[in-house]
Amino acid sequence: MSNQREQWGSKLGFILAASGSAVGIGNIWKFPHMAGQNGGAAFTLVYLACIFVVGLSLVIAEFVIGRRTQLSPVGAFEKLAPGTNWKWVGFLGVASAFVILSFYGVVGGWIMKYIIISVTGGFKELAGDPAAASSVFNNFINGTWSPIFFQVIFMTVCIWVIVNGVKGGIEKWSKIMMPLIIILLGALAVRGMTLPGGMEGISFLFKPRFEDLTASSVVLALGHSFFTLSLGMGTMITYGSYLGRKQNLLNSALWVIALDTAIAMLAGIAIFTMVFALGANPEAGNGIFVVLPSVFPQLPGGTVWGTLFFVLLFMAALTSAISILEVVTAYFIDQKGWTRKKATIQFGLVITIVGAFCSFSMGGGINITEFLGMSFFDFMDYLSSKYMLPIGGMLTAIFVLKKWGVDHFIEELKIGMDKSIVSKEIIIVLLGIAATVVGFIIINEVLDIAFGIKLIQ
Ligand code: TRP
């Protein structure tokens, strides 16, 4: 513990690492998938509102807490509120990391498998036939060992990056991969828009039909805004803790949010323009694994486009997965004095094993949450997106407002800003809205589960 704390090498490196965490499967798979099933543009608008009201204030809050304490979540809450129960918010974050990465790593493995299918021309026989694509996908994920094989490779790469450290691993790879993701996705979006009929996809995504908007899609959008910005489990606290005092945190948070949103929109554009141009169904589930493999081979050079898509998705998944594992690693380094290597390998392995049970539950024969009427995979996703992240986010907002104090918060936020245009009132209002809205959503979910009462339908 006597070693100097690791730090980011540059401002840009920090922004790319933090936005690398934010940009992930959530942007490229979950967002277009949810928009497709919830009326397209109406969902997009609510999502944007959640990102800018709830998301922005919490990204800033996490950065500020991390930089002030120079510690990962458990230590950070303990340092700002010694001897209180607030450190449990930190523990909740570490627990969330186990839950999220277990299923995230499985999807990471699926993506690797799809890169291989695409490169070897495997999409060709699926051209225009989503039913065939669907059975290829289901046969693969229902298998016992093949998905695990790829999950293990994905987790190994993830562990390897983290073992190389904050600057030499996370920052280095984020700096390489983030620009590539933007370029590749941009190229795919342009290709989609220039297809005859592609523009229909744009209007699906951006022209609202409010009759399609239901209260449950609002809830979904809010939950997703946490997931996509990596909020509620201290990822951004951990990344903020590797910062020196020169960074402008407001500015950085705006960059992270802008990049995350831009990439979700680009992914939506790329996917829906192609889907509409080729007459596929925008509402089909598992779109990227089922619809796209049947769409790509219909394009000239489809093997190349398909491969580029899954490669960029792999990079997005990897930069996110490392940020989740880093929360666990940082906890054992900061609080237990372990070495980076020992912490990462040991807990990377534990998460891989839990993840194997997520994969088995898709059809591989073992589902330890059978009694809940849910696969273990879905349960882990549900538990984290519906409860752990929102509760963590809500408590973080309450912590700043009620325990640590907005004045202390602003004092830290102002460091590194040229002009101090931070208004205390705005911060109180934004964090207050965040805590209230999220609290309401959690209560709604609990009442629904426990008593079947729906406050919002
Ligand atoms: N934000 C990532 C995505 O959109 C996933 C992610 C990374 C995440 N770190 C997280 C989600 C921490 C919740 C909490 O795919």
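Just a few scattered comments:
- Area of Tyr382 that stays accessible when all protein chains are in place (1.4 Å probe, Å², to 10): 50
- Heavy-atom accessible area per residue - the stretch 123-178, 1.4 Å, Å²: 45
- Stretching the chain fully between Ile153 and Ile116 yields a gain of 12.0 nm (0.36 nm per residue, less the alpha carbon separation).
- The alpha carbon gyration tensor of the stretch 117-262 gives principal lengths a ≥ b ≥ c with a/c of 1.5 or higher and a/b no greater than b/c, which makes the shape oblate.
- Projected area averaged over orientations for the stretch 14-104, convex hull of C-alpha atoms, nm²: 7.1
- Between Asp418 and Val350, the simple label model (points 7 Å from Cα in the Cβ direction) yields a spacing of 4.6 nm.
- Each Lys and Arg contributes +1 and each Asp and Glu -1, all at the Cβ; summed about the Cα centre of the chain, the dipole is approximately 1280 debye.
- For the chain, the longest principal axis of the C-alpha atoms and the axis of helix 302-336 are separated by about 20°.
- Three principal axis extents describe the C-alpha atoms of the stretch 144-226; from largest down they are 49, 34, 33 Å.
- Taking only protein heavy atoms and a 1.4 Å probe, the accessible area of the stretch 11-451 is 68% carbon and sulfur.
- Along principal axes, Cα extents of the stretch 224-367, largest first, whole Å: 55, 46, 26
- Distance between modelled label sites at Asn85 and Phe210, nm, 7 Å Cα→Cβ extension: 4.2
- Along its principal axes, the stretch 284-383 has C-alpha extents of 55, 35, 19 angstrom, given from the largest down.
- Residue-count net charge about Gly24 - beta-carbon cut-off 14 Å; Lys, Arg +1, Asp, Glu -1: -2
- Efficiency of FRET between Val446 and Leu45 - r from beta-carbon atoms, R0 30 angstrom, step 0.05: 0.65
- Nearest-ten-degree value, helix 11-22 long axis tilted from longest Cα axis of the chain: 60
- Relative contact order, percent, the chain [alpha-carbon distance under 8 Å, six or more residues apart]: 33
- Per residue, the stretch 47-116 exposes an accessible area of 26 Å² to a 1.4 Å probe, with every protein chain left in place.
- Förster-model FRET efficiency, 35 Å R0, Glu425 and Lys454, C-beta, rounded to 0.05: 0.55
- Order of exposure, largest accessible area first, which applies to His408, His224, His33 with probe 1.4 Å: His408, His33, His224
- Accessible surface ranking that places the most exposed of Phe149, Phe276 first, with a 1.4 angstrom probe: Phe149, Phe276
- Shape of the stretch 390-457, Cα gyration tensor, a/c cut at 1.5: prolate
- Label-to-label distance for Ser203 and Glu125 is 3.9 nm, based on points extended 7 Å past Cα in the beta-carbon direction.
- Within the stretch 159-176: backbone nitrogen closer than 15 Å to the Thr339 label point (7 Å, Cα to C-beta): 163-165
- For the stretch 242-298, the solvent-accessible area works out to 30 Å² per residue, with a probe of 1.4 Å and every protein chain left in place.
- When both the stretch 90-128 and the stretch 358-414 are represented by their alpha-carbon centers, they are found 20 Å apart.
- Lys419, Lys124, Lys113, reordered so the largest accessible area comes first (probe 1.4 Å): Lys419, Lys124, Lys113
- Debye-sum result for the chain in log10 I(q)/I(0), which assumes one identical scatterer on each alpha carbon, at q = 0.08 Å⁻¹: -0.43
- Part-to-part distance (alpha-carbon centres) for the stretch 129-194 and the stretch 248-283, which is given in Å: 17
- Potential lengthening of the chain between Gln4 and Ile433 amounts to 150.6 nm, from the contour at 0.36 nm per residue minus the alpha-carbon distance.
The values are calculated or read from the model by the stated rules, or taken from the named source; none is laboratory data. Keep in mind that what you see is a predicted model, and the values were worked out from it rather than measured. Note that each Cβ is placed from the backbone with ideal geometry, even for glycine, and that neighbours are counted across all protein chains shown. When the accessible area is computed, the model is the full protein with side chains, heavy atoms only, and any ligands, DNA or RNA have been set aside. Shrake-Rupley method; radii C 1.70, N 1.55, O 1.52, S 1.80 Å.
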